[in-house]
Amino acid sequence: MSATAGLTGQAAGGWRYDGVARVFHWLVVAMLVVQYSVALLLASLLPKSAEDSLVAWHFSMGSSVCVVMLARLAWRLTHRPPPPPADLSPRLRLLSRVTHWTFYAVFIVLPVLGWAAASAHGAQVKLAGLIPLPLLVPKDDPFGKAMQTVHPAIAITLLAVIALHVAGALYHAVIKRDGVLQRMLPGRGGVTP
């Protein structure tokens with residue numbers, strides 16, 4: 001069976017995500033790995049005196065992820081992705097669509113709720129660590145303070161969606177061997193339909 005079974009009939013090169021979509025994908029993956037590493041690992045390893053710097057960095061990275069995801073969403077809405085494999089069941093097609101759109105929603109909502117929580121505590125959020133953003137809610141705002149609890153819960157939900165996404169990628173790579181994983185891998189790609 002070829003590495004791209006189920007993708008036949010596509011125009012040459014049309015079976016892969018375009019280069020911009022792949023850059024957005026892997027940029028967000030890298031930002032997310034760094035964001036979770038800082039939030040979970042470095043916070044427990046570094047001295048308490050580094051806490052303010054880590055929090056400021058977390059705010060900065062979160063706002064940057066939001067901007068990248070908004071740009072990625074704009075690209076997705078204006079550039080058609082490759083179709084799913086022809087032999088993919090309707091249930092798996094639906095699960096794939098739901099997972100992808102959930103990513104967009106969570107990656108945009110999560111930083112906004114974090115920004116609201118920071119604002120309610122009077123903390124300054126800077127986009128990319130450089131551009132100060134206004135308070136999203138007033139200091140001591142009840143909604144913003146409540147987001148301090150909601151934000152980490154949604155972050156855990158994001159990890160569950162990521163696990164589902166990775167499981168889907170592994171399913172296509174190891175079980176179906178249909179070339180779906182190669183559609184998002186960096187580089188020019190070797191195998192075409």
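Tell me which residues, restricted to segment 95-117, are of a type in the set (G, A, S) and in contact (Cβ under 8 Å) with a residue 12 or more places away in the chain.
Of all residues in segment 95-117, those of a type in the set (G, A, S) come to 96, 105, 114, 116-117.
Across segment 95-117, the qualifying residues are S96, G114, A116, A117.
I'd like to know if segment 50-63 contains one or more residues that are within 26 Å of Q182 (Cα to Cα) and not charged (D, E, K, R). Looking through segment 50-63, none of the residues is within 26 Å of Q182 (Cα to Cα) and not charged (D, E, K, R). Assessment of segment 114-133 against the conditions (in contact with a His (Cβ under 7 Å, 6 or more places away or on another chain) and closer than 24 Å to S37 by Cβ) yields at least one matching residue. Exactly one residue among T149, T99 is among the polar types (S, T, N, Q), assigned to a helix (DSSP H, G or I) and farther than 30 Å from G19 by Cβ, and that residue is T149. For L159, state whether it is under 24 Å from V98 (Cα atoms), loosely packed, with under 15 Cβ neighbours inside 10 Å and of a type outside the set (D, E, K, R). In short, yes. Does segment 77-87 include one or more residues that are more than 27 Å from W15 (Cα to Cα) and among the acidic types (D, E)? No: zero hits.
Evaluation of S44 against the conditions (1) within 23 Å of Q148 (Cβ to Cβ); (2) exposed (fewer than 11 other Cβ atoms within 10 Å of the Cβ); (3) at pLDDT 90 or above shows that the sole unmet condition is (3).
Mind listing just one residue for me: the one in segment 72-88 that is assigned to a helix (DSSP H, G or I), surrounded by 13 or more Cβ atoms within 10 Å (Cβ to Cβ) and not charged (D, E, K, R) and, of those, farthest from the chain's Cα centre (by Cα)? Step through it out loud before you land on a result.
The initial filter retains those residues of segment 72-88 that are assigned to a helix (DSSP H, G or I), namely 72-78.
Now restrict to residues that are surrounded by 13 or more Cβ atoms within 10 Å (Cβ to Cβ): 72-73, 75-76.
When the remaining residues are screened for being not charged (D, E, K, R), the result is 73, 75.
Working: L73: 11, W75: 14 Å.
The selected residue is W75.
The values are calculated or read from the model by the stated rules, or taken from the named source; none is laboratory data. On a predicted model such as this, the values are computed, not experimentally measured, just so you know. Positions of Cβ are generated from backbone atoms using ideal geometry, with glycine treated the same way; all protein chains shown enter the neighbour counts.
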